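The values are calculated or read from the model by the stated rules, or taken from the named source; none is laboratory data. Model, not experiment: these values are computed from the prediction. No Cβ is skipped: glycine too gets one built from the backbone with ideal geometry, and neighbour counts run over all protein chains shown. For the accessible areas, the whole protein counts, side chains as well, though only heavy atoms, and no ligand, DNA or RNA atoms are used. Shrake-Rupley method; radii C 1.70, N 1.55, O 1.52, S 1.80 Å.
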Amino acid sequence: MSKVMENPRSAYGETLVELGKKYPNLVVLDADLSKSTKTIMFAKRYPDRFFEMGIAEANMISTAAGLASCGKISFASTFAVFATGRVYDQIRMDIAYSNANVKIFATHGGISVGKDGASHQMIEDIALMRVLPNMVVFAPSDATQTRRIVERMATKYGPMYARVGRASAPLIYKKDDLKDIKIGKGITTKDGDDISIIACGTMVDYALDTRKLLSKEGIKARVIDMHTIKPIDKKLVLKCAKETNAMLTAEEHSVIGGLGSAVSEILAEKGCSCKFRRMGIQDMFCESGEPKDLFAKYGLSAYHIAKTAKELLK
Amino acid sequence: MLSTGWGITLKLHNDELIKKLNLTAVKIRRHIIEMLYKAKSGHPGGSLSAVDAIVTLYFYHMRHNAKKPDDLDRDRFILSKGHAAPTLYAVLAECGYFDVKELKRLREINCMLQGHPVCQHIPGIEASTGSLGHGLSFANGVALAGKLDKKEYNVYVMLGDGETDEGQIWEAAAAASHYKLNNLTGLLDRNFLQIDGNTEDVLRLESVRERWSSFGWNVIEIDGHDIQQIIDALHEADERENQPTMIILITVKGKGVSFMENNVDFHGVPPNELEYKLAIRELDTLQRKLEGI
Ligand SMILES: Cc1ncc(C[n+]2csc(CCOP(=O)(O)OP(=O)(O)O)c2C)c(N)n1
Ligand SMILES: [Mg+2]
């Protein structure tokens, strides 16, 4: 059965338009990438509340903070690589330290950016944002979840960062699902009691494929969709550690500093001795190529995750 | 082929030289179209607008040697607008830095030519670029080192016009004139387009000339597709004392392929099969015209 696809970026653009109607104080900023981030949808509907900042990301971030200080809900968008590392001090001072109501929504996160190459494949953003006090960090797994998370970002006060990929992604949830999704509460997307796969963003769908592969060999995997990486759902992590024999994390991000790190910190501090592996990019820059080939080469395909799961359970 | 060694070893009559460079530019444009069509991704518009200046630098003006890419005395070229990588790759290949066959594998997994330039793995690439706004600062560093080491080399750096939205460009602009980097020449690809539209609608840049001169630069404005003008401007820039020079190249985004010209939709979208065939046909016609056939 082929999967139904939808682009999370489009879901973002559409949701912004809906929210723009509801919240007259919602403003959007972009840095010469509005066609790619889909903020152009908002720009067309609400031209007065859209600010094209040109290729000047640092200026965009601090401006968004200034707007927020006057009661606006600021959404600022560009590619993940330019939305975080490039503007780190602006985010740190003007958004995190100031506890500003700025929402950074980044697209083109991870290696699924593909052919543009390592310069554009952001695999450190979750780590960078996670260490900032006050910052909430999301990696939605499909278009539906993106809609719900963008709504939550608009309604709850505070600094927040969300990243999605470039490509269309299989729909994991139905359009009207997830009505009661909560910030910081992971979702048990599929149950199982042999191994837990805790994934975020694009890797949730890969985890579901992994689950199918494993079930053919009689292994029952639980798939956790950890859409909020900070604050992370500690309780759920510990529950999984207790109820399944092993645990894997999967993220389209460096294994250092992201979801895998967040989960291992919890396990270590609780003295959990469950078998554990972090799947992600192993401390290296990747390269240009088709996303599916890159996932295979850098060990993120369902096949690789399943193989690692079996080794862990041995 | 013109010499890619030190200086111009071919003593050509000027008209001959210009014709050869123009024909080389057509060849590079054909490579670009073929590479992007094959890669099914990449940036045609800004690659095509940059061709004539980069060709003039490598096939006529710069002192460099493909056999010795690390020669300490070489002139340096830095492509700050890294998305025009296909142009630089095609020029480097034609100069002999690597096999022309590599061009067909642009952006493929397990291959050398990355979507954006990487200095570590590709012979002839001086700086890893692709995140806009860094190149001028990097070039300043190379120019400062040249002064420190009492080297004769010159540094050339190409910027996109949209790229100059970045604040870092203006930090670098100030530093270059402060340090009197007369061994540095900028080439601004002034094609009036970025991604979200016309540069003046996205974030006004005019007056570009006054901006650079108010930052202490010598400014020359020319037709960026006129090889003779590019040659003259580069010579003038090299002669300058006490000041860096910015050559404003007035260009056409997508230059050489009619339906890509001034068309923002071809910023980051490769040609489809039909467009590919049309583009190659146009370039063939252009070549025949230049050859006087
Ligand atoms: C820091 C940064 N922000 C955004 C981008 C995405 N981007 C790639 S090309 C481009 C437009 C560049 O316009 P311009 O400099 O005028 O180049 P050209 O017209 O010559 O293609 C943008 C915004 C980038 N590569 N780097
Ligand atoms: Mg331009």
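For residues in the stretch B:123-133 being closer than 29 Å to A:Ala56 by Cβ and more than 16 Å from ligand 1 (Cβ to nearest atom), which is most open to solvent (accessible area, probe 1.4 Å)? Break it down stepwise before answering.
So the first thing to find is which residues in the stretch B:123-133 are closer than 29 Å to A:Ala56 by Cβ, and the list is B:125-133.
This time we only want the ones that are more than 16 Å from ligand 1 (Cβ to nearest atom), so: B:125-126.
Details: B:Ile125: 15, B:Glu126: 40 Å².
In this case the residue turns out to be B:Glu126.
Output the number of residues of the stretch A:28-43 satisfying the condition of being away from chain B (no Cβ under 12 Å) and either open to solvent by 10 Å² or more (accessible area, probe 1.4 Å) or in contact (Cβ under 8 Å) with a residue 60 or more places away in the chain (or both).
2
State the number of residues belonging to the stretch B:98-118 that are away from every other protein chain (no Cβ under 14 Å), open to solvent by 30 Å² or more (accessible area, probe 1.4 Å) and assigned to a loop (DSSP other than H, G, I, E, B).
1
Looking for whichever is in contact with a strand residue (DSSP E or B) (Cβ under 6 Å, 6 or more places away or on another chain) and not in a strand (DSSP E or B) here; the options are A:Ile232, A:Ile183, A:Ile219. Which one fits?
On the way: A:Ile232 fails: in contact with a strand residue (DSSP E or B) (Cβ under 6 Å, 6 or more places away or on another chain); A:Ile219 fails: in contact with a strand residue (DSSP E or B) (Cβ under 6 Å, 6 or more places away or on another chain).
Matching residue, one of A:Ile232, A:Ile183, A:Ile219: A:Ile183.
Being open to solvent by 10 Å² or more (accessible area, probe 1.4 Å) and farther than 24 Å from A:Cys286 by Cα is the filter here; which residues of the stretch A:123-146 pass it?
Passing the criteria: A:Pro133, A:Asn134, A:Val136.
Going by the conditions given, is B:Ser47 within 16 Å of the chain's Cα centre (by Cα) and within 16 Å of ligand 1 (Cβ to nearest atom)? Working first, answer last.
On the way: within 16 Å of the chain's Cα centre (by Cα): yes; within 16 Å of ligand 1 (Cβ to nearest atom): yes.
Against the criterion (within 16 Å of the chain's Cα centre (by Cα) and within 16 Å of ligand 1 (Cβ to nearest atom)), B:Ser47 qualifies.
Which condition does A:Asp116 not pass, out of (1) within 25 Å of A:Phe285 (Cα to Cα); (2) among the charged types (D, E, K, R); (3) in contact with a helix residue (DSSP H, G or I) (Cβ under 6 Å, 6 or more places away or on another chain), if it passes all the others?
(3)
Of the conditions (1) at pLDDT 95 or above; (2) open to solvent by 10 Å² or more (accessible area, probe 1.4 Å), A:Asn245 satisfies every one except a single condition; which number is it?
Among (1) at pLDDT 95 or above; (2) open to solvent by 10 Å² or more (accessible area, probe 1.4 Å), A:Asn245 violates only (1).
Which condition number does B:Tyr37 fail, the rest of (1) touching a strand residue (DSSP E or B) at 6+ places or on another chain (Cβ under 9 Å); (2) within 14 Å of chain A (Cβ to nearest Cβ); (3) more than 16 Å from ligand 1 (Cβ to nearest atom); (4) of a type outside the set (Val, Ile, Thr) being met?
(1)
Can you find, within the stretch B:197-218, the residue that is farthest from the other protein chains (Cβ to nearest Cβ) among those that are within 11 Å of ligand 2 (Cβ to nearest atom) and buried (at least 21 other Cβ atoms within 10 Å of the Cβ)?
Among residues in the stretch B:197-218 that are within 11 Å of ligand 2 (Cβ to nearest atom) and buried (at least 21 other Cβ atoms within 10 Å of the Cβ), the one farthest from the other protein chains (Cβ to nearest Cβ) is B:Thr199.
Scan (1) under 17 Å from A:Asn99 (Cα atoms); (2) at the interface with another protein chain (Cβ under 8 Å from one of its Cβ atoms) for the single condition A:Ala65 breaks and write down its number.
It is condition (2) that A:Ala65 fails.
Listed here are the residues, each with its yes/no results for (1) closer than 22 Å to B:Ile195 by Cβ; (2) under 19 Å from the mean Cα position of the chain (by Cα); (3) more than 16 Å from ligand 1 (Cβ to nearest atom).
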residue: A:Glu6; (1), (2), (3): no, yes, yes
residue: A:Leu16; (1), (2), (3): yes, yes, yes
residue: A:Leu19; (1), (2), (3): no, no, yes
residue: A:Val27; (1), (2), (3): yes, no, yes
residue: A:Ser36; (1), (2), (3): yes, yes, no
residue: A:Tyr46; (1), (2), (3): yes, no, yes
residue: A:Glu52; (1), (2), (3): yes, no, no
residue: A:Ala68; (1), (2), (3): no, no, yes
residue: A:Lys72; (1), (2), (3): no, no, yes
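How many of the residues making up the stretch A:248-290 are surrounded by fewer than 19 Cβ atoms within 10 Å (Cβ to Cβ), touching a residue at least 60 places away in the same chain (Cβ under 8 Å) and among the charged types (D, E, K, R)?
The total comes to 1.
Check whether at least one residue in the stretch B:232-250 is in a loop (DSSP other than H, G, I, E, B) and crowded, with 22+ Cβ neighbours inside 10 Å, and report yes or no.
Here is the first cut: in the stretch B:232-250, the residues in a loop (DSSP other than H, G, I, E, B) are B:240-244.
Of the ones still in play, those that are also crowded, with 22+ Cβ neighbours inside 10 Å are B:244.
Yes, that holds for at least one residue.
Given the condition within 13 Å of chain A (Cβ to nearest Cβ) and within 16 Å of ligand 1 (Cβ to nearest atom), answer yes or no: does some residue in the stretch B:173-191 qualify?
If we filter the stretch B:173-191 for residues that are within 13 Å of chain A (Cβ to nearest Cβ), which is where we start, we get none.
Within the stretch B:173-191, not a single residue is within 13 Å of chain A (Cβ to nearest Cβ) and within 16 Å of ligand 1 (Cβ to nearest atom).
Please find, among A:Lys230, A:Lys235, the residue that is in contact (Cβ under 8 Å) with a residue 60 or more places away in the chain and not small (Gly, Ala, Ser).
Working: A:Lys235 fails: in contact (Cβ under 8 Å) with a residue 60 or more places away in the chain.
Of the residues listed, the single one that is in contact (Cβ under 8 Å) with a residue 60 or more places away in the chain and not small (Gly, Ala, Ser) is A:Lys230.
Condition (residue is among the acidic types (Asp, Glu), in contact with a strand residue (DSSP E or B) (Cβ under 9 Å, 6 or more places away or on another chain) and over 22 Å from B:Ser137 (Cα atoms)) applied to the stretch B:195-205: is it met by at least one residue? Give the steps one after another, and end with the answer.
Applying the first criterion (among the acidic types (Asp, Glu)) to the stretch B:195-205 yields B:196, B:200-201.
Filter again for in contact with a strand residue (DSSP E or B) (Cβ under 9 Å, 6 or more places away or on another chain), leaving B:196, B:201.
So of that shortlist, the ones also over 22 Å from B:Ser137 (Cα atoms) come out as B:196, B:201.
Within the stretch B:195-205 (the criterion being among the acidic types (Asp, Glu), in contact with a strand residue (DSSP E or B) (Cβ under 9 Å, 6 or more places away or on another chain) and over 22 Å from B:Ser137 (Cα atoms)), the answer is yes, since at least one residue qualifies.
Would you check if B:Asn242 is within 16 Å of ligand 1 (Cβ to nearest atom) and among the polar types (S, T, N, Q)? I'd like the intermediate steps shown before the answer.
Details: within 16 Å of ligand 1 (Cβ to nearest atom): no; among the polar types (S, T, N, Q): yes.
Judged against the criteria, B:Asn242 is not a match.
Yes or no, residue by residue, for (1) farther than 30 Å from A:Ser112 by Cβ; (2) away from ligand 1 (no atom under 12 Å from the Cβ); (3) open to solvent by 10 Å² or more (accessible area, probe 1.4 Å):
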residue: B:Leu57; (1), (2), (3): yes, yes, no
residue: B:His61; (1), (2), (3): yes, yes, yes
residue: B:Arg74; (1), (2), (3): yes, yes, yes
residue: B:Ile78; (1), (2), (3): no, yes, no
residue: B:Lys81; (1), (2), (3): no, no, no
residue: B:Gln120; (1), (2), (3): no, yes, yes
residue: B:Gly135; (1), (2), (3): no, no, no
residue: B:Leu144; (1), (2), (3): yes, yes, yes
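If I ask for residues that are more than 9 Å from ligand 1 (Cβ to nearest atom), in a helix (DSSP H, G or I) and open to solvent by less than 10 Å² (accessible area, probe 1.4 Å), which ones from the stretch B:146-169 would you list?
Selection gives B:Gly146, B:Ile169.
Please specify each residue of the stretch A:84-98 satisfying the condition of being open to solvent by 60 Å² or more (accessible area, probe 1.4 Å) and either away from chain B (no Cβ under 14 Å) or within 16 Å of ligand 2 (Cβ to nearest atom) (or both).
Passing the criteria: A:Arg92, A:Met93, A:Tyr97, A:Ser98.
Assuming A:Ile183 fulfils every condition listed in (1) touching a residue at least 40 places away in the same chain (Cβ under 8 Å); (2) open to solvent by less than 10 Å² (accessible area, probe 1.4 Å); (3) of a type outside the set (Gly, Ala, Ser); (4) closer than 29 Å to A:Val81 by Cβ apart from one, which condition is it?
(2)
Looking at B:Gly216, B:Gly197, B:Gly224, B:Gly292, which is the one that is of a type in the set (Gly, Ala, Ser) and under 18 Å from the mean Cα position of the chain (by Cα)? Working first, answer last.
On the way: B:Gly216 fails: under 18 Å from the mean Cα position of the chain (by Cα); B:Gly197 fails: under 18 Å from the mean Cα position of the chain (by Cα); B:Gly292 fails: under 18 Å from the mean Cα position of the chain (by Cα).
Testing whether each residue is of a type in the set (Gly, Ala, Ser) and under 18 Å from the mean Cα position of the chain (by Cα) leaves just B:Gly224.
Any residue at all in the stretch B:46-53 that's in contact with a helix residue (DSSP H, G or I) (Cβ under 6 Å, 6 or more places away or on another chain), at pLDDT 95 or above and open to solvent by 10 Å² or more (accessible area, probe 1.4 Å)?
Checked the stretch B:46-53: no residue is in contact with a helix residue (DSSP H, G or I) (Cβ under 6 Å, 6 or more places away or on another chain), at pLDDT 95 or above and open to solvent by 10 Å² or more (accessible area, probe 1.4 Å).
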